[in-house]
């Protein structure tokens with residue numbers, strides 16, 4: 001399925017009621033966390049984004065975590081940047097593994113490094129750190145490694 005970025009933005013607005021931004025072939029969409037899977041369904045089913053490129057998180061300190069992922073329609077060269085804010089103190093986000101198998105390990109990595117719990121994930125466990133990792137999530141801004149004292 002071929003689709004232009006402006007057409008993709010229009011379909012997203014019609015189906016989800018949010019206004020994406022378009023910059024060249026990149027369409028960026030931010031939705032509340034309760035619409036995360038709905039956005040994934042629109043991206044895959046209505047826009048033909050079959051390629052799951054990557055997923056990660058951003059720690060905005062007092063504002064909480066944000067989950068960000070990029071999916072692409074390779075036939076059109078259109079990419080969608082999907083974003084959702086979890087809110088201060090929140091760590092739960094619905095999984096996208098039922099839509100894209102490629103989300104599996106990336107969600108596990110995000111869980112391991114940021115502590116984001118992907119509800120409905122088929123195998124949410126550590127992937128980079130050992131199962132005996134003492135505590136904390138290394139990519140969060142509040143993480144302190146008690147065993148490593150930086151040189152000052």
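Quick one: would you say residue 105 is without any contact (Cβ under 8 Å) to a residue 24 or more places away in the chain, within 29 Å of residue 24 (Cβ to Cβ) and not in a strand (DSSP E or B)? Taking the combined requirement at face value, the residue satisfies it. Applying the condition of being touching a strand residue (DSSP E or B) at 6+ places or on another chain (Cβ under 7 Å) and free of Cβ contacts under 8 Å to residues at least 60 places away in the same chain to segment 51-62 and asking which residue is farthest from residue 138 (Cα to Cα) yields 51. Being surrounded by 21 or more Cβ atoms within 10 Å (Cβ to Cβ), at pLDDT 95 or above and within 23 Å of residue 136 (Cα to Cα) is a description that does not apply to residue 42. Annotation: residue 105 fulfils all but one of (1) touching a helix residue (DSSP H, G or I) at 6+ places or on another chain (Cβ under 9 Å); (2) closer than 29 Å to residue 3 by Cα; (3) surrounded by fewer than 19 Cβ atoms within 10 Å (Cβ to Cβ); the unmet one is (1).
Summed over segment 23-33, the residues that are outside any strand (DSSP E or B) and in contact (Cβ under 8 Å) with a residue 40 or more places away in the chain give a count of 4. Scanning segment 63-84 for residues that are more than 20 Å from residue 143 (Cβ to Cβ), without any contact (Cβ under 8 Å) to a residue 60 or more places away in the chain and either touching a helix residue (DSSP H, G or I) at 6+ places or on another chain (Cβ under 7 Å) or buried (at least 23 other Cβ atoms within 10 Å of the Cβ) (or both) turns up 69, 71, 82, 84.
The values are calculated or read from the model by the stated rules, or taken from the named source; none is laboratory data. Given the structure is predicted, the values throughout are model-derived calculations rather than measurements. All Cβ positions, even for glycine, are placed from backbone atoms using ideal geometry, and neighbour counts span all protein chains on display.
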